[in-house]
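For reference, the structure discussed in these notes is given below.
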Amino acid sequence: MLVDYEHKVSWKVDTDRLYCKSSADYNVERFDCALVHMSDTEVMICRLVQIFVYFTGDQKFALALVQPMASNVAQRGDAELALCRVREKPRRESMVIAARSIIRGVVTVPDRERDGEYTVMDGLDTDQFLRMMPVFPTRDMEMV
């Protein structure tokens, strides 16, 4: 899935390529994370589970099944390193959203010691860093 978004710093349109697939041929799964508009004031990090199109009459709607991630996860030492962590919520809490509510992709790295926990790599580009501020409002910006 391709997601176009306007970069918060350069104002140029950029494109993220997001994947959600399971390949039995190579035993490879890839389910990317994305930043999603949940309401006018709330954004959330979610893992893409499935993308599909719903047809009704002459209209089509792109939908996505997403697994929400909790953003209030902190481990000892995270504040000193200004790390942002997320934890997968149970699969039963997955929800269907309009694909157009996906803002952009989010790079996460799995925690090897804690199953279902990830570190958000928000320092990769300034746009992702700025968009993570509402998701992690308690992060001390003086430390960054």
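Numbers for the structure displayed
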read-out	value
Every residue from the stretch 97-120 that is open to solvent by 60 Å² or more (accessible area, probe 1.4 Å) and either closer than 17 Å to Val3 by Cβ or among the basic types (Lys, Arg) (or both)	Arg100, Val107, Arg112, Arg114
Residue in the stretch 33-59 that is farthest from Glu93 (Cα to Cα), counting only those that are loosely packed, with under 10 Cβ neighbours inside 10 Å and among the charged types (D, E, K, R)	Asp58
Residue satisfying all of: in the stretch 6-21; more than 10 Å from Gly105 (Cα to Cα) and in a strand (DSSP E or B); least open to solvent (accessible area, probe 1.4 Å) among these	Cys20
Complete set of residues in the stretch 25-38 that are more than 16 Å from the chain's Cα centre (by Cα) and either within 23 Å of Val109 (Cα to Cα) or modelled with pLDDT of 90 or more (or both)	Tyr26, Asn27, Val28, Glu29
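Results for (1) part of a helix (DSSP H, G or I); (2) modelled with pLDDT under 85; (3) within 21 Å of Asp4 (Cβ to Cβ), shown as yes or no for each residue.
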residue	(1), (2), (3)
Asp40	no, yes, yes
Val53	no, no, yes
Leu63	no, no, yes
Ala79	yes, yes, no
Arg85	no, yes, no
Arg92	yes, no, no
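The values are calculated or read from the model by the stated rules, or taken from the named source; none is laboratory data. As the structure is a prediction and not an experimental result, all values here were calculated from the model. Glycine also receives a Cβ, built like all others from the backbone with ideal geometry; neighbour counts cover every protein chain displayed. Remember, those area values only see protein heavy atoms, side chains included, never the ligands or the DNA or RNA. Shrake-Rupley method; radii C 1.70, N 1.55, O 1.52, S 1.80 Å.
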